[in-house]
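The values are calculated or read from the model by the stated rules, or taken from the named source; none is laboratory data. From a predicted model like this one, the values you see are computed outputs, not experimental measurements. Cβ placement follows ideal geometry from the backbone for every residue including glycine, while neighbour counts extend to all protein chains displayed. For accessibility, only protein heavy atoms count, side chains too; no ligands or nucleic acids. Shrake-Rupley method; radii C 1.70, N 1.55, O 1.52, S 1.80 Å.
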Amino acid sequence: MTIVTPELIEAGDDAVVVRTAARLRGSPALPGDKSISHRALLLALLAKGSSRLSGVSDGEDVRTTARVIAALGARVERVSVDDGRSTYVVTSAGLDALREPSGVLDCGNSGTTTRLLAGVLAASGSFAVLDGDASLRSRPMGRIAEPLRRMGASIDGRAGGTLLPLAIRGRPPLTAIRHAAPVPSAQVKSAVLLAGLRASGRTAVVEAVATRDHTERMLRARGVTVRETTDGEHGHIVEIDGGAAVSPLDDAVPADVSAAAFWLVAGAAHADAELTLRDVTVNPTRRAVIDLLRRMGADIEERRVTGADARGDRNEGEPIADLVVRSSALHAIDISPAEVAAAIDEIPILCLAAAVAAGTTTIRGAGELRHKESDRIAGIAAGLTALGARIRVAGDDIEIEGGPQLRGATLETHDDHRLAMTFAIAGLIAEGETVVRRPGSAAISYPGFFSQLEGVRR
Ligand code: S3P
């Protein structure tokens, strides 16, 4: 492999050039977990009183949620910013006193904002119109509109109310339903549970595969009873009783394991690397990427911190650990549809790991990746192929034959943050120069990512 002087070149606004790194060392500053940050802000809107939230992601998606809760009447103060993490104080009159927003609520690029907010609006008496960017306008919203309508909310929009913009009028008290989710989705589960806060009776969501459980944990920490059972016939069932009040809570958001995943793959795949990732959520419903990489032979050490971050701020309910990753000899594995659901946001970066692993990795049942910020199956297949990897897509299955040395190429991100970061990490290990086109979307979930990329080169 030719090792060129490590550096990152800004090639105009529209591209960055990433060159091979000789060594990777250090502890990149991670953003706050995106899923937990969205929920911390939204639940602070639902609670009557003040909540102090530290470690919140400064990513554009979470800033969108902060703007939206302000439009719904919360007083949102961003009291400090430290290393790309913000502390907010949110003061609200609570779920039953939301302000009717005077204009359209712009949800930007954020599916989580849109879908969770739809559940909140259904539970409130307010009327609001939700819209977003071109990517969000193409993403499926029927999956939340259908159960929320069954609960009694009125929802209309393009394509029979399945695409943004959506006009939503909540009509509490709603009807409690039992919703069997056709696709595993924490966003849909959360929307229905949040609407269930103002349903008469017990609302249940039945999932074939248990999805991330932050909403459940965070509601419990805020005084709401949420029951979970697993039964062999139906799968995982989550239930909530209507009428509960959400209490305000001071909470600390741990670092994002989905952001850590980029460094875990960089560290494991690079020949001379040791990287430390601090205060990462290792919630059992989020940690699949760590366990899949270990199954591929990645040397990842987990130093348990549990419950509090390095600053001593406590998180109410999420297990937290420091992770250390070192250069590893990776080998192929088979990833099942249930594992795809558990590592849904990490599949692009896992595809890169597979491209440098010995043997053929299969990823089955990955169709949901077509409905993310871009068609991630098409995007990752095109990018890895350009880098010289052997990747085949058959229906919803992906097969990656690892091994060949990756060679720098020009890669299209389709303005998708996870593709932009995957391709930048590829640039650290590929020979020569990798041009990442339109990399700015990284700031959706990881502002500062490209300066961290320079910072780990030694
Ligand atoms: C999220 C759930 C997942 C994930 C997204 C965040 C959440 O989406 O892809 O990045 O915070 O609930 P789906 O619920 O659509 O699978």
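Given a 1.4 Å probe, how much area per residue of the range 1-144 is accessible, in Å²?
Computed with neighbouring chains in place, this is 35 Å² per residue.
Quantify, in whole percent, the carbon and sulfur part of the accessible surface of the range 321-397 (1.4 Å probe; protein heavy atoms only).
54 percent
Once each part is reduced to its C-alpha centroid, what is the distance from the range 72-111 to the range 12-35 in angstrom?
28 Å
Near ALA332, within a Cβ-to-Cβ distance under 11 Å, what is the net charge of the other residues, with Lys and Arg +1 and Asp and Glu -1?
Local charge sum for ALA332: -2.
Quick one: grab Rg to one decimal and Dmax as a whole number for the chain, Cα atoms only, in Å.
Cα-based Rg and Dmax for the chain come out at 21.4, 66 Å.
Give the accessible area for HIS236 in Å² (nearest 10); use a 1.4 Å probe, count only protein heavy atoms, and leave out ligands, DNA and RNA.
20 Å²
Select from the range 262-361 those trypsin sites (Lys or Arg not before Pro) which occupy a DSSP coil region and have at most 12 other Cβ atoms within 10 Å, ordered by residue number.
ARG311
Would you check the accessible area of THR385, probe 1.4 Å, heavy atoms only, in square angstrom rounded to 10?
Surface open to solvent at THR385 totals about 80 Å².
Can you tell me the accessible area per residue over the range 314-458, all protein chains present, probe 1.4 angstrom, in square angstrom? Don't jump to the answer; show the numbers that get you there.
Details: 4630 Å² over 145 residues.
I get 32 Å² per residue for this part.
Based on the Cα coordinates of the range 394-458, what is the per residue volume of their convex hull in Å³?
Dividing the Cα hull volume of the range 394-458 by its residue count gives 113 Å³.
Provide Rg and Dmax in Å for the range 355-445, with only Cα atoms included in the calculation.
12.6, 34
I need the Kirkwood Rh of the range 49-175: take the reciprocal of the average 1/r across all distinct C-alpha pairs and report it in angstrom.
Working: mean 1/r = 0.0667 Å⁻¹.
Kirkwood radius, the range 49-175: 15.0 Å.
Roughly what % of DSSP beta bridges within the range 370-458 run antiparallel, to the nearest 5?
Expressed as a percentage, antiparallel bridges in the range 370-458 total about 55.
Hey, could you get me the Stokes-Einstein D for the range 204-255, Kirkwood radius over alpha-carbon pairs, 37 °C and 0.692 mPa s, rounded to whole µm² s⁻¹? All intermediate terms of the calculation are to be shown ahead of the outcome.
Working: Rh = 12.3 Å.
Value of D from the Cα-based Kirkwood radius: 267 µm²/s.
Where does the range 176-272 land on Rg(C-alpha)/(2.2 N^0.38 Å)?
Ratio of Rg to 2.2 N^0.38 Å for the range 176-272: 1.34.
What is the Å³ per residue value for the convex hull set by the Cα atoms of the range 96-162?
It comes to 80 Å³ per residue, whole-number rounded.
Kindly report, to the nearest 10 Å², the accessible surface of ASP272 as traced by a 1.4 Å probe over protein heavy atoms only.
ASP272 exposes around 50 Å² with every protein chain in place.
When DSSP beta bridges are limited to those with both residues in the chain, what percentage is antiparallel, rounded to the nearest 5?
80 percent
Give me Rg/Rg_expected for the range 126-202, where Rg uses Cα atoms only and Rg_expected = 2.2 N^0.38 Å with N residues.
So the range 126-202 has a normalised radius of gyration of 1.06.
In the range 34-251, what percent of the accessible surface is made up of carbon and sulfur (1.4 Å probe, ligands and nucleic acids excluded)?
49 percent
When the helix-only estimate is applied to the chain (DSSP H runs of n ≥ 4, each -39,500 (n - 2.57), divided by the residue count), what is the mean residue ellipticity at 222 nm, nearest 500 deg cm²/dmol?
That calculation yields -9000 deg cm²/dmol at 222 nm.
Grab every C-alpha pair in the range 34-251, bin the distances at 5 angstrom width from 0 up to the longest one, and report whole percents.
Percent of Cα pairs in each bin: 1, 8, 16, 21, 22, 17, 10, 4, 1, 0.
Pull up the DSSP beta bridges for the range 34-251 and report the antiparallel fraction as a percent, rounded to 5.
Of the beta bridges lying entirely in the range 34-251, close to 80 percent run antiparallel.
Could you tell me the center-to-center distance, by alpha carbons, between the range 224-270 and the range 344-363 in angstrom?
Distance between centres, Cα-based: 24 Å.
Using the reciprocal of the averaged 1/r over all distinct C-alpha pairs, how large is the Kirkwood radius of the range 287-403 in Å?
Result for the range 287-403 stands at 15.3 Å.
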